[in-house]
Amino acid sequence: MAETAPRFSGPKRVFSGVQPTGNLHLGNYLGAIRKFVDLQEDQEALYCIVDLHAITVAQDPEALRAQTREIAAAYMAAGIDPQKAIIFHQSAVSAHAELAWIFNCVARMGWLERMTQFKDKAGKDSERASVGLFDYPVLMAADILAYKATHVPVGEDQKQHLELARDIAGKFNKDFHAEDFFPLPEPLIKGPGARIMSLKDGCAKMSKSDPSDLSRINLTDDAAMIAKKIKKAKTDAEPVPENVEGLKGRPEVENLVGIYSALSGQSVEEVLAAYGGQGFGVFKPALAELAVDKLAPISEEMRRLQNDPAFLESQLEAGAEKANAIAVPILREVKQIVGFVV
């Protein structure tokens with residue numbers, strides 16, 4: 001397995017991506033996109049719309065194009081500045097696919113067979129799943145290492161894939177006697193809002209695939225819809241607890257308090273100090289007001305940007321040029337190391 005203390009001496013660089021497969025929601029914003037905004041301020045950052053990953057399952061082509069533009073709009077509406085960070089779509093940079101093939105010849109079947117996400121997504125009918133779905137983690141490794149990214153904001157569900165990327169980087173370096181050519185990318189997971197749960201089931205992660213739209217707050221929801229969903233969120237008959245210990249066994253309450261904490265910047269303890277002992281007739285309106293204040297401007301800006309698809313596509317094209325400027329020289333070096341004539 002890959003070593004834990006890389007000696008890579010290149011620049012610190014952040015890479016992450018979001019699939020264009022439906023509405024982004026509060027969990028995506030708090031768990032990922034808001035962190036992207038912060039990270040762009042003090043280091044080089046690339047934020048990709050991973051449309052190659054999206055086609056590992058069937059997609060409607062027109063919907064895929066529209067959803068790609070929607071993710072670009074969400075990035076910018078949330079505060080990612082194309083002048084500070086690189087925003088682009090994965091299929092516009094061929095280095096992702098080329099490097100993935102080379103990594104396919106470095107990675108081992110046993111590594112991929114241990115990936116739990118494939119088992120979860122393919123279910124009992126794994127033999128009918130696409131090869132791409134099985135090979136998804138190798139492409140993810142190529143996404144990261146095409147830019148020699150050193151840090152990757154990921155959710156817990158992607159941490160295993162990042163470990164695979166580290167293993168592939170380490171094995172490439174060793175097999176081709178290219179010591180420290182690729183960094184061993186580090187995960188950026190911790191922080192408020194890292195895991196937001198369903199508004200209808202505090203034990204299930206908030207998901208765009210949930211059949212109930214009331215289970216999530218979409219970034220496209222207007223102020224009235226945001227307030228409605230908070231009002232209808234599942235709780236219980238007891239008041240808000242006065243301390244963290246009181247959240248145990250109350251997953252829906254813990255989730256709402258966590259959302260308030262993440263949106264307000266207050267600690268969970270501070271939220272409970274303010275609302276502990278009060279009923280949800282007090283807490284929910286306060287949470288709704290806070291959520292509308294933070295999210296409604298983003299949804300409004302998203303709608304404005306989506307009404308200008310030409311602008312969004314121009315920004316993606318400009319971002320792809322910047323991404324290619326980084327990836328092409330790295331891929332050329334990889335080809336030389338492997339033994340290709342370049």
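Remarks
- In order along region 168-178, the Karplus-derived 3J(HN,Hα) couplings, from 6.51 cos²θ - 1.76 cosθ + 1.60 at θ = phi - 60°, round to 5, 4, x, 5, 4, 4, 6, 4, 9, 6, 10 Hz, and Gly and Pro are given as x.
- Near the amide H of residue 197, within less than 5 Å, lie the amide hydrogens of 206, all on another chain or at least 5 residues away, with H placed in the peptide plane.
- Of 159/248; 84/205; 159/228; 228/248; 229/322; 294/322, pairs whose Cα-Cα distance is over 29 Å: 84/205; 159/228; 229/322; 294/322
- The chain: angle of helix 223-232 to the longest principal axis, Cα-based, in degrees nearest 10: 70 degrees
- Cα gyration tensor category, rounded, prolate or oblate, for the chain with a/c compared to 1.5: prolate
- Over region 213-303, Cα pairs under 8 Å with separation of 6+ residues give a relative contact order of 41 percent.
- Annotation: aspartates and glutamates with alpha-carbon distance below 17 angstrom to residue 232 (same-chain offsets under eight excluded): 201, 210, 213, 221, 222, 252, 254, 289.
- For region 144-236, the set of trypsin sites (Lys or Arg not before Pro) satisfying both a DSSP loop assignment and a count of at most 14 other C-beta atoms within 10 Å is given as 190.
- Estimated vicinal HN-Hα couplings, Hz - region 127-142 in sequence order (Karplus 6.51, -1.76, 1.60; Gly, Pro = x): 5, 9, 6, 6, 4, x, 5, 5, 8, 3, x, 6, 5, 4, 4, 5
- Shown here for region 144-185: GluC sites (Glu not before Pro) in loop regions (DSSP other than H, G, I, E, B) with at most 14 other Cβ atoms within 10 Å, namely 179.
- Global geometry of region 213-303, whether rounded, prolate or oblate, following the gyration tensor of its Cα atoms and the 1.5 cut on a/c: prolate
- A cut-off of 5 Å between modelled amide H atoms, ignoring neighbours fewer than 5 places along the same chain, links residue 25 with 219.
- Only Cα pairs under 8 Å and 6+ residues apart enter the sum, and on that basis the relative contact order of the chain stands at 23 percent.
- The H on the amide N of residue 13, modeled in the peptide plane, is under 5 Å from the matching H of 150, 151, each at least 5 residues off or on a different chain.
- 3J(HN,Hα) along region 313-327, derived from phi through the Karplus expression 6.51 cos²θ - 1.76 cosθ + 1.60 where θ = phi - 60°, amounts to 5, 5, 5, 5, 5, 5, x, 5, 4, 5, 5, 4, 4, 7, 6 Hz, with x in place of Gly and Pro.
Quick note: the coordinates plus some simple rules give every number you see, no bench work behind them. Remember, it's a predicted structure, so these values are computed and weren't measured experimentally. Backbone-built Cβ (ideal geometry, glycine too); neighbour counts: all protein chains shown.
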